[in-house]
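A short write-up of the structure that comes next.
The values are calculated or read from the model by the stated rules, or taken from the named source; none is laboratory data. Remember, predicted model here, so these are calculated numbers, not experimental data. For accessibility, only protein heavy atoms count, side chains too; no ligands or nucleic acids. Shrake-Rupley method; radii C 1.70, N 1.55, O 1.52, S 1.80 Å.
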Amino acid sequence: MVATSTLKNKNTECFSELIDRRHDQACIEDELDYWDHSLVEPALNPETVFEDRTCQQLVKMLESCLSRAKKTTLNCSEVLVPEKLTRRIARDVLRLASGEPCGLRGCLLHVLLEADGGCKRLERVTYDPSVVPTFELTLVFKQDGSAWPSLRDFFLIGTCFAPGYRHALKLSPGFRLIKRKLYSSSAGTVVEEY
């Protein structure tokens, strides 16, 4: 608020100064019109809007996958995900899918968690089940091994939860994406580590 009122005072002083210098009122209005039109936000590119919407849908799919897996496969009450991790993953998945014939619609995504020296399969996700997959992506989340278990977890073990049940699982900001083309003569595997 303070900045706005100061700005108004400066603008008023500026206008009165221009008028005092005997600048033509029409000239001043023309200048103001020019700046009003120059400061209009540019129109959004429809392709960018579509890509952002697709990215948001993919983020929701990944978060839903983790939410379902926490009670079934992961045996924990909550999964702690680093800020913007799912958004970064979604952008990388879109980038890897961009060169494919059907894009993301032709992707079969295997979601795994690397923890305790092995990998647990969490879920298999298809963006568009009506399209035959043309490539596979394997997403490997990594458990954050640097975090100490909370004191609350020690007290809760054996009291409320079944053996092997954790209270919280913390994911690392790192992940791995493995791409494998399914119907290509030059089928190669691309591994990207983040």
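Some notes on this structure:
- Largest first, the residues 71, 120 sort by 1.4 Å accessible area into 71, 120.
- For the residue pairs 142/179; 120/170; 84/181, alpha carbon separations beyond 23 Å are given by 84/181.
- Probe 1.4 Å, all protein chains present, accessible-area order of 189, 73, largest first: 189, 73
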